[in-house]
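A quick write-up on the structure given underneath.
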Amino acid sequence: MTAWLGPDEWQAVALSLRVAVVATLISLPFGVAAAYALARWEFPGKQLFNGLIHLPLVLPPVVTGYLLLLAFGPQGPAGRFLEAIFGVSLAFRWTGAVLAAAIMAFPLMVRAIRLALETVDPKLESAAATLGAGPRQVFLTVTLPLLLPGLIAGAILAFAKAMGEFGATITFVSNIPGETQTLPSAVYAFLQVPGGEAAAMRLVIISVIVSMGALLASEMLARRVARK
Amino acid sequence: MNLSLDIRHSLPGFTLDVQFDAPSGITALFGKSGAGKTSVVNAVAGLLMPDAGRIALDNSVLFDSRHNIALPVHKRQIGYVFQDARLFPHMTVEANLAYGLRWAADRPGPTLAELCDLLDIAHLLARYPRDLSGGETQRVAIGRALMSRPRMLLLDEPLAALDASRKADILPHLERLRDELAVPMLYVSHSVAEVARLATTVVILENGRVAQTGPVGDMLSDLQMVRQIGVREAGAVLPATVVAHHPDGLSELSVSGGRLFLPRTALAEGASTRVRILAQDVILASDVPRGLSALNILPAQVTDLRAGDGPGVICQLRCGTDHILARITRRSAEAMGLTPGHDVHAVIKAVSVDPVDVGRG
């Protein structure tokens, strides 16, 4: 693999994997919480909340990236806050790529988990309560295990989306090899230089394989949920 | 252990306004669909919050609208056997059974082995709920509720989804629970046969209100009740003792008014039982009938009569110290000149008594 790929290409693939994995893992608890709120609760502003979550799905990615830059850039309010409190800087760093990927993948993740949640029968949860389980224990012992296939399907979908995220990432954190040059950014960069087609094609093949594998895995899990 | 309940609650279409006490034993909550039975049980479990009222188990208040008390579901220690069982599909039978124990291990109660024996489910432990039959599912659901060591058990039509032979399989298990565990049960049913077989106390719900309540023997032989139950299902419950099993397939039972010969019951000689005798299976005769194929002829005295809308009359008779009901035509009642105080002979055809209507006393 490393022999077939040049060091720059390998670096881009490795960075993309890291960004996608971290973005997926970090957004997973938020995804579950958002899906749970949307599936189970009625609250004022629910439609607005739903809209905000889905916004990155319909907004041009470059717009999302620019908004991220405004908020989380060195001069942005959220960016300054994170820098001051946690010493984390996002702009033009791989951590920023993680944020961009997570935001872009979030709607897909929430949709998958929400669909799975709607198949979990609340009657089972009330049965658990009559047996002595408090709300947290009901969630951990009944809801979550029944949700698991949908959760994994959502995570895989989010991972695939994060792997391929381009527009918001390049706008927010640019295209710095070794720092923010993810796989799609690298493909884009290779296509800008003469003779880069072969390297781009290799990355394209990897991209297709990873995405296809993720989609198949997600489909398989979704079908397992439907069978239950 | 005594449950006292007094609640009011508005539901779309009707209002629940229910007061009753459920002492130890099985209290049957009986009534037609839509009478509010499940709502009452849900209020006891905490799954429904009544608009007003009070629910207490002995001195422990579960709900009191005046003092703003509403114990959350998981703190009530009340087992619930749902009509649709609701076993956890991702757990084995054993894990389902053990589920409630983690919050109840410090309370006394039956062990897993005891319940497996009582409900005959030991061979199912490794299976998943999807591999159980309907009867097995309900037995596991009952076991799971009891494993949480509840102070009280709620059963919402636990047999409604089962066919007749499965029902007959489970009824003896429920009788054993009633007689061997000190857990009071509130049993929702619209089946008179189940009520007659299991209940110690009966609460009749009608349109969200308690129409009548009392011990099962009194309730089922009450003429007022016939309207709720329907004439075809009306019938008294007699306490009885198994005297002997005869080789010709009959069992001899002693009731307060004499002896009954019925199709062989599974209960041992000497066991106390209860027998439900349907009003429409009883024939009345003024004199001791002769040359009759019916085996059971008990002397009785008419205590009350009530004419229905149709051609029939329901008679309440004293037979020994108990009451039985007989459904006859108005024409016969007039021809025989039946009035309260009249001595008659009640004729009961042995084979007309369904074995399901003979249960532990």
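Here is the figure for the stretch B:91-106: residues that are in contact (Cβ under 8 Å) with a residue 12 or more places away in the chain, of a type outside the set (S, T, N, Q) and either more than 7 Å from chain A (Cβ to nearest Cβ) or assigned to a loop (DSSP other than H, G, I, E, B) (or both) total 7.
In the stretch B:252-304, counting only strands (runs of 3 or more DSSP E) that sit wholly within it, the ones holding 1 or more residues that are among the charged types (D, E, K, R) and surrounded by fewer than 16 Cβ atoms within 10 Å (Cβ to Cβ) span B:258-263. Can you find a residue that is farther than 29 Å from B:Trp103 by Cα, more than 13 Å from the chain's Cα centre (by Cα) and crowded, with 17+ Cβ neighbours inside 10 Å anywhere in the stretch B:194-206? Yes, that holds for at least one residue. Could you count how many residues in the stretch B:117-153 are within 12 Å of chain A (Cβ to nearest Cβ), in contact with a helix residue (DSSP H, G or I) (Cβ under 6 Å, 6 or more places away or on another chain) and not hydrophobic (A, V, I, L, M, F, W, C)? Residues flagged as within 12 Å of chain A (Cβ to nearest Cβ), in contact with a helix residue (DSSP H, G or I) (Cβ under 6 Å, 6 or more places away or on another chain) and not hydrophobic (A, V, I, L, M, F, W, C) within the stretch B:117-153 amount to 3. Kindly evaluate B:Pro172 against the criterion of being in contact (Cβ under 8 Å) with a residue 24 or more places away in the chain and under 16 Å from B:Gly25 (Cβ atoms). Judged against the criteria, B:Pro172 is not a match.
Residue by residue, here is whether (1) of a type outside the set (Lys, Arg); (2) more than 21 Å from B:Val183 (Cβ to Cβ); (3) outside the structural domain of B:Leu181 (by TED's automatic domain parsing) holds:
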site	(1), (2), (3)
B:Ile69	yes, yes, no
B:Val73	yes, no, no
B:Phe82	yes, no, no
B:Ala85	yes, no, no
B:Pro108	yes, no, no
B:Glu114	yes, no, no
B:Ala122	yes, no, no
B:Arg130	no, yes, no
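When restricted to residues that are over 19 Å from B:Pro108 (Cα atoms) and not small (Gly, Ala, Ser), the stretch B:120-153 contains 16. Taking helices (runs of 4 or more DSSP H) as the structural unit, those lying wholly within the stretch A:23-130 and holding at least 1 residues that are within 14 Å of chain B (Cβ to nearest Cβ) and not basic (Lys, Arg) correspond to A:94-119, A:122-130. Only one entry of B:Val237, B:Val216 meets the criterion of being farther than 30 Å from B:Ile7 by Cα and among the β-branched types (Val, Ile, Thr), and that entry is B:Val237. When you look at B:Leu57, is it out of contact with any Phe, Trp or Tyr (no Cβ under 6 Å at 6 or more places or on another chain) and closer than 17 Å to B:Arg151 by Cα, yes or no? The answer is yes for B:Leu57. Among the residues of the stretch B:213-251, those identified as touching a residue at least 40 places away in the same chain (Cβ under 8 Å), assigned to a strand (DSSP E or B) and within 25 Å of B:Ser189 (Cβ to Cβ) are B:Thr213, B:Gly235, B:Ala236, B:Val237, B:Leu238, B:Pro239, B:Ala240. Tally the residues that are surrounded by fewer than 16 Cβ atoms within 10 Å (Cβ to Cβ) and either free of Cβ contacts under 8 Å to residues at least 40 places away in the same chain or facing chain A (nearest Cβ under 9 Å) (or both), restricting the search to the stretch B:53-63. Residues flagged as surrounded by fewer than 16 Cβ atoms within 10 Å (Cβ to Cβ) and either free of Cβ contacts under 8 Å to residues at least 40 places away in the same chain or facing chain A (nearest Cβ under 9 Å) (or both) within the stretch B:53-63 amount to 2. Residue check, B:Glu114 against (1) assigned to a strand (DSSP E or B); (2) more than 9 Å from every other protein chain (Cβ to nearest Cβ), all met but one. Which one? Answer for B:Glu114: the failing condition is (1). Applying a threshold of 7 Å to beta carbon distances and a minimum spacing of six or more residues, or different chains, the list of pairs starting in the stretch B:65-83 at a residue that is more than 7 Å from every other protein chain (Cβ to nearest Cβ) and closer than 20 Å to B:Gly53 by Cα and ending at one that is small (Gly, Ala, Ser) and in a loop (DSSP other than H, G, I, E, B) reads B:Leu71/B:Gly46; B:Pro72/B:Gly46; B:Arg76/B:Gly46.
Residues checked against (1) in a helix (DSSP H, G or I); (2) in contact with a His (Cβ under 6 Å, 6 or more places away or on another chain); (3) more than 21 Å from A:Leu131 (Cα to Cα); (4) in the same structural domain as B:Phe88 (by TED's automatic domain parsing):
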position: B:Ala126; (1), (2), (3), (4): no, no, no, yes
position: B:Thr137; (1), (2), (3), (4): yes, no, no, yes
position: B:Val140; (1), (2), (3), (4): yes, no, no, yes
position: B:Arg149; (1), (2), (3), (4): no, no, no, yes
position: B:Leu155; (1), (2), (3), (4): no, no, no, yes
position: B:Leu162; (1), (2), (3), (4): no, no, yes, yes
position: B:Pro172; (1), (2), (3), (4): yes, no, yes, yes
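The criterion of at least 3 residues that are at positive phi and not small (Gly, Ala, Ser) is met by none of the helices (runs of 4 or more DSSP H) wholly inside the stretch A:139-228. Considering (1) more than 14 Å from chain B (Cβ to nearest Cβ); (2) farther than 21 Å from A:Met212 by Cα; (3) buried (at least 21 other Cβ atoms within 10 Å of the Cβ), the lone condition that A:Ala189 does not fulfil carries the number (3).
The values are calculated or read from the model by the stated rules, or taken from the named source; none is laboratory data. Please read all numbers here as calculations on a predicted model, not as lab measurements. A quick note on method: Cβ atoms are made from the backbone with ideal geometry, for glycine too, and the neighbour counts reach across all protein chains shown.
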